[in-house]
Amino acid sequence: MKNLLLIVARLVLLQATLLFCTAVASDDDDDDLFSCFDDQAQTVSKKQRIVSPVSLIDATALCRQSMQYCLNGDYAIAIQPLENSLKIPNLLKHQEARLLMCLGVSYCQEFQCAKAVVTLGKALTYEELSEAGRNTAIYYLATSHFYLRNHAIASELFKYTIANPNIPSEVKQRARTYQGLSYHQMKNYAAAVDSFRAALAMQGSIEVDSLNYNLGISLFGMKNYDEAIDPLFNASQSSTLNARYKSNAKICLAECYLKGSLCR
């Protein structure tokens, strides 16, 4: 059962897009992020200068391209250029913070979650990280903890995303889904039910079949067989849900019919 829930969560993450990072890329200070390298080329004396002005321009291009890989969703390709960009000397604090945030997101998307936790945690120590960048970092930090099975930490971090009025609704729904899965893994089925129901109730709800499945399984875990019947039935009739989940939903549904009030 735990493996099935974890696979559902992986499918959700693989379908996720970097909604936050697009906002980060459009921040007003985006030009400053890269133009500062040219400023350094002008202000650093020849005696102090370790690299040539041409190298600084190349470094600017490297930073820009490495972040763009992340923003385009090319996370595996983004990791090495982002790591190299962070080795550039004399980066400004806000540059470093945004590069760390993008690198942490890329680690998370590639399921290098231990690295993601360290990198995103470091990014969040920077006061210079923008609000959009901070929102992104916290969401993916929570997601990384989820995949590391640090469910108590993950469920608490997702509360920030859920409560933040500036977060897109699609991301909030995913946060509620992950939070519900974390609660389920901790056997806090009542809290899991609340999270899944809240996700289903959101306008324009996505992943409805998966949410019905997760809701039904959590109600089943509470031995609330009567209430589990509807979501499990819906999941069992899905045309999009994975065959394994549909099969498991049917098994649990049959048990609900046997143990529910209709058979008493």
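Only the coordinates and a few stated rules stand behind these numbers; no lab work does. All values reported here derive from a predicted model rather than from experimental measurement. In this analysis, Cβ positions are derived from the backbone assuming ideal geometry, glycine residues included, and neighbour counts consider all displayed protein chains.
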- Task: In whole Hz, with x marking every Gly and Pro, tabulate ³J(HN,Hα) for the range 240-254 from phi via Karplus 6.51 cos²θ - 1.76 cosθ + 1.60, θ = phi - 60°.
- Result: 10, 5, 3, 4, 5, 5, 4, 5, 5, 4, 5, 5, 5, 4, 4
- If each part is reduced to its alpha-carbon centroid, the range 76-151 and the range 192-243 end up apart, in Å, by 32 Å
- Rank by packing, highest mean first: peptides 120-129, 170-179, with packing defined as the count of other Cβ atoms within 10 Å averaged across residues. 170-179, 120-129
- Say R0 is 35 Å: what FRET efficiency, to the nearest 0.05, do Glu127 and Gln237 get from their beta-carbon distance? 0.10
- Message: Using 21 Å as the Cα-Cα cut-off, could you pick out the over-long pairs in Lys159/Lys187; Lys93/Lys159; Lys187/Lys223?
- Response: Lys93/Lys159
